[in-house]
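Encoded as C-alpha cells, the structure appears first; notes follow it.
The values are calculated or read from the model by the stated rules, or taken from the named source; none is laboratory data. Note that the coordinates shown come from a computational prediction; the quantities given were computed from them, not determined experimentally. Cβ atoms come from the backbone with ideal geometry, glycine included; neighbour counts cover every protein chain shown.
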Amino acid sequence: MAAAIDLQSYQEPILFLATAGIVVPLFHRLKLSPVLGFLAAGALLGPYGLGRLVPEHPWVNWLTFTNPEGTSRLAEFGVVFLLFTIGIELSWQRLRTLRRLVFGFGSLQVALGTAILGLSFYAFRLVDTITAATVVGLALALSSTAIVIPVLAEQKRLNTVAGRASFSALLFQDLLVAPVLFTVAVLDTSKPEVTPSPFAFLLLQAGLALVLIIGLGRLILRPFFQLVSTTKSPELFMAACLLVVMVTSLIAAASGLSMALGAFIAGILLSETEYRRAVDVTIQPFKGLLLGVFFVSVGMSLDLFRFLEAPLLILSLAATVVLLKGMSIVILGRPFGLSTAESAETGLLLGPSGEFALVILGAAMTAGLVPGGIGQNLLLVTTLTMVAIPLLARLAQRLGRKLEVQRPLDPIVKVAPPTDEVGRVIVAGYGRVGQLVGDMLERHKVPYLAIDLDPARVAAQRKADKPVFYGDGSYPEFLRACGIDRALALVITLDTQSSIEAVVMAARHERSDITIVARARDARHAAQLYELGVDDAVPETIEASLQLSEAVLSDIGVPMGLVIASIHERRDEFREVLRKNNPRQNPDRGVFKARRRIGKTASSAAAGQATQADT
C-alpha cells in the first residue's frame, strides 16, 4: 500500500511555481519588470498579507507562504547563481580593469554613505549611540545586487558607464558583508566569549579560502568539464555546473565569506575556458527561478500594517535614504570620470538599500545594538526602497538621457550640418550599423551625412573626418537643417522601435517622396514601419537567417550562383508579404528607386552568369 502523501510539504513549491506562471507573463505583457510582480506576490501571500487571516480562516493557509525561514535559505541561492553568471561574463583582465572603480569608487561610496546616513540618524535622535548610528549607516549604505543587476541586464545597460560603476560598487559591498557581520557579532555584549582577537584569524581563513578556490579552480575546472563534455550527456553537464556552484559557494561560506563571492570567483575562472557559454546557458533557468524565490522572500518581509501605523515617518525615511545616498554618489562620480548624467543614473540605482541591509539590521537587533522599534521600521524602509528600484532605474535612464542632451557640447560637436549638397543620403544613427552603411556609401562614392545623439560618438567620428553631426532626427526642423528637401534617401539605423518610428514620421511629414530605408527589430516591427511609409524595412532576424542560410548552402557545396539567386528571391518574398497590406508603397519613387532597380537587375544578371558558370 502506498504511503500517505503529505500535501503540506508540497504547498510552497507549488504556490511559488503558480505565482511564477502568473507573474512573469502578466508583467511582460504590461511591460513591467517581473521583479515588481514577485515582490508584490511575496507581500500579498506572505505572513503579513493573507497570512494574517490564517487564524480565523485556516483554509487560507494553502494560499500563503508559511515558512519564511526556509524560503529565505533557498532564496540565498538566487543571489549565488546571479553572481556566478556575472562572473562568467567577466574575466581576470576585465576585473583588473575595474579595480579602480571596485576598490576606489566602491570603498568611498560605502564610507561616505555610512558617514552621511549615520550622522543624520544620530543628529535627529533616531538612534541614541554612535555605535548604533554607525551600524545603521553602514547597513543602509549597502545596495541591492540581486535587484540592480537583473534590472540593468534587462535594460541592456550593464556595459554602460553607469552600469560598470554600479556593478563595481556592488562587488565591493559583497566583499564587505562578512567583516561587517563579524564586527556586529564582536560588539554583541550578550556573548562575552566573542572577542576581537579572532579577527586576524578570520582574515587569514578567508584569504586561504580564496587561494583554495582560485588555485583548485585553475587546476581542476577545465579538465573536469572536458571529462564531463566527452560523455555528451546534458544531464551530467547540468549536474557538473550545479556542483561547481554549490561547492565554491559553500567553501566561501565556511571560511566566513559570502556564498555569492565564492560563486562569483568560480564564474570568473570558468570565463577563461571554452565552456563559459554552455555553462551560462545551463545555469540561466536555475538563476531565474531562484531569483524569483529571493524577490518573493523580500516581499514577505514587507509588513504593510506596520507601514499604515506610521506612513509619513517610513516614507520620509525611505526618501531620505535614497536622496542622501544618491547625492553622495553624484559627488563621488566626477573624480572617477563619470559625467553628471552617469553619476545621477548611478545614484538612483544605488540609492536604495539592499538585501544585506536586512541581514545586518537583523543581526544588530539580535545583538542589542539597534533598538527593536527603529530596527523594524528600518527593515520596512529597506524593503520599500528595494521595491522602488525598477521604477528608479527607469527614471535614472530617462534622467540620464535628458542630462546628456542638456550637457554642454564640445565645439567639435556643435558644428551645424550643411544643407548645400544635392543627392546626398542621410543616415540617422551612427552606431555600428550606421558606420557600416556609411562605409559602403563611401566605397560607392555616394555622399552622405550622418546624425547621432551621442556627443562622444559624434566627437570621435568628426575627429576621424566623418560627416557626422549631433542632433535628433525626430525633429522636423533638424531634418530641414540637414537638407532633407534635397536628400536622395534616408537610412535609419537607430536601435529602439520608438526612435525609429519617430524619425520615419518626421521625415514623411517633411517630404512624402523621399526614399526611406529603416532597420527593424523583427518582421512585426517591419510591417509597422511599412504602414508608416518606409520604402524598405530590414528585419534583423530575417537578415540573420538569410545570411546563415547562404553560408550553410555554400559550405555544403551548393553552387554560389544558385544560392545568391535563391537568397534574393526569398528576401523579395519576405518583403512582399510585409508590404501587402501597405497602400502607401509606390515602386516608382525617385531616382534612388531607379538606381536600386538597375542594381537589382545587374545583381540578378550576375547571379545568372554565376549560375551558368557553376553548372
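If only one of 140, 152, 119 is free of Cβ contacts under 8 Å to residues at least 24 places away in the same chain, in the same structural domain as residue 356 (by TED's automatic domain parsing) and not charged (D, E, K, R), which one is it?
Numbers: 140 fails: free of Cβ contacts under 8 Å to residues at least 24 places away in the same chain; 152 fails: free of Cβ contacts under 8 Å to residues at least 24 places away in the same chain.
Answer to the check: 119.
Restricting to region 508-524, count the residues that are in contact (Cβ under 8 Å) with a residue 24 or more places away in the chain, buried (at least 19 other Cβ atoms within 10 Å of the Cβ) and not basic (Lys, Arg).
Just the residues of region 508-524 that are in contact (Cβ under 8 Å) with a residue 24 or more places away in the chain, to begin with: 508-511, 513-519, 521, 523.
This time we only want the ones that are buried (at least 19 other Cβ atoms within 10 Å of the Cβ), so: 514-519.
From the residues that got through so far, the ones that are not basic (Lys, Arg) too are 514-518.
Number satisfying all stated conditions: 5.
What is the residue count in region 479-507 for residues that are among the polar types (S, T, N, Q) and surrounded by fewer than 17 Cβ atoms within 10 Å (Cβ to Cβ)? Give the derivation first.
Residues of region 479-507 among the polar types (S, T, N, Q): 493, 496-499.
Next, from what is left, pick out any that are surrounded by fewer than 17 Cβ atoms within 10 Å (Cβ to Cβ): 496-498.
Number satisfying all stated conditions: 3.
Among the residues of region 260-278, write down those that are closer than 19 Å to residue 145 by Cα and at pLDDT 80 or above. Don't jump to the end; show me each part of the working.
First, pick out the residues of region 260-278 that are closer than 19 Å to residue 145 by Cα: 260-268.
Answer for region 260-278, where residues must be closer than 19 Å to residue 145 by Cα and at pLDDT 80 or above: 262, 263, 264, 265, 266, 267, 268.
Looking at residue 296, is it among the aliphatic types (A, V, I, L, M), surrounded by 22 or more Cβ atoms within 10 Å (Cβ to Cβ) and modelled with pLDDT of 80 or more? Write out each step before concluding.
Details: among the aliphatic types (A, V, I, L, M): yes; surrounded by 22 or more Cβ atoms within 10 Å (Cβ to Cβ): yes; modelled with pLDDT of 80 or more: yes.
It is true that residue 296 is among the aliphatic types (A, V, I, L, M), surrounded by 22 or more Cβ atoms within 10 Å (Cβ to Cβ) and modelled with pLDDT of 80 or more.
Which one of 199, 103 is touching a helix residue (DSSP H, G or I) at 6+ places or on another chain (Cβ under 9 Å), over 26 Å from residue 319 (Cβ atoms), in the same structural domain as residue 262 (by TED's automatic domain parsing) and modelled with pLDDT under 75? Outline the logic, then answer.
Details: 103 fails: modelled with pLDDT under 75.
Selected residue: 199, the only one of 199, 103 that is touching a helix residue (DSSP H, G or I) at 6+ places or on another chain (Cβ under 9 Å), over 26 Å from residue 319 (Cβ atoms), in the same structural domain as residue 262 (by TED's automatic domain parsing) and modelled with pLDDT under 75.
Quick one: which helices (runs of 4 or more DSSP H) lie wholly within region 236-339 and hold at least 3 residues that are farther than 24 Å from residue 105 by Cβ, of a type in the set (Phe, Trp, Tyr) and within 23 Å of the chain's Cα centre (by Cα)?
Details: elements: 259-271, 276-300, 304-309, 311-333.
Fully inside region 236-339 and qualifying: 276-300.
What number of residues within region 492-508 are in contact with a strand residue (DSSP E or B) (Cβ under 7 Å, 6 or more places away or on another chain) and not in a strand (DSSP E or B)?
Within region 492-508, the subset in contact with a strand residue (DSSP E or B) (Cβ under 7 Å, 6 or more places away or on another chain) is 492-494, 500, 503-504, 507.
Filter once more, keeping what is not in a strand (DSSP E or B): 493-494, 500, 503-504, 507.
So the answer is 6.
Against the conditions (1) more than 34 Å from the chain's Cα centre (by Cα); (2) assigned to a strand (DSSP E or B), where does residue 513 fall short? Just the number, please.
(2)
Go through region 136-159 and report how many residues are part of a loop (DSSP other than H, G, I, E, B) and under 15 Å from residue 329 (Cβ atoms). Break it down stepwise before answering.
Narrowing region 136-159 to residues part of a loop (DSSP other than H, G, I, E, B): 142-144, 155-159.
Subset that is under 15 Å from residue 329 (Cβ atoms): 142-144.
Total meeting the criteria: 3.
Going through 464, 456, 518 one at a time, which residue ends up being at pLDDT 90 or above and among the small types (Gly, Ala, Ser)?
Numbers: 464 fails: at pLDDT 90 or above; 456 fails: at pLDDT 90 or above.
Being at pLDDT 90 or above and among the small types (Gly, Ala, Ser) holds for just one of 464, 456, 518, which is 518.
Do we find that residue 527 is more than 17 Å from residue 451 (Cβ to Cβ) and outside any loop (DSSP other than H, G, I, E, B) in this structure?
Details: more than 17 Å from residue 451 (Cβ to Cβ): yes; outside any loop (DSSP other than H, G, I, E, B): yes.
Here the answer is yes, as residue 527 does meet what is asked.
Among the candidates 114, 97, single out the residue that is among the β-branched types (Val, Ile, Thr), touching a helix residue (DSSP H, G or I) at 6+ places or on another chain (Cβ under 8 Å) and assigned by TED's automatic domain parsing to the domain that holds residue 364. Walk me through how you get there before you give the answer.
Working: 97 fails: touching a helix residue (DSSP H, G or I) at 6+ places or on another chain (Cβ under 8 Å).
Sole residue among the options that is among the β-branched types (Val, Ile, Thr), touching a helix residue (DSSP H, G or I) at 6+ places or on another chain (Cβ under 8 Å) and assigned by TED's automatic domain parsing to the domain that holds residue 364: 114.
Being under 16 Å from residue 361 (Cβ atoms) and surrounded by fewer than 18 Cβ atoms within 10 Å (Cβ to Cβ) is the filter here; which residues of region 129-146 pass it? Don't jump to the end; show me each part of the working.
So in region 129-146, the residues under 16 Å from residue 361 (Cβ atoms) come out as 129, 131-144.
Selection gives 129, 131.
Being under 15 Å from residue 516 (Cβ atoms), in contact with a Lys or Arg (Cβ under 8 Å, 6 or more places away or on another chain), part of a helix (DSSP H, G or I) and touching a residue at least 40 places away in the same chain (Cβ under 8 Å) is the filter here, so list the residues in region 437-491 that pass it.
Residue satisfying the conditions is 484 alone.
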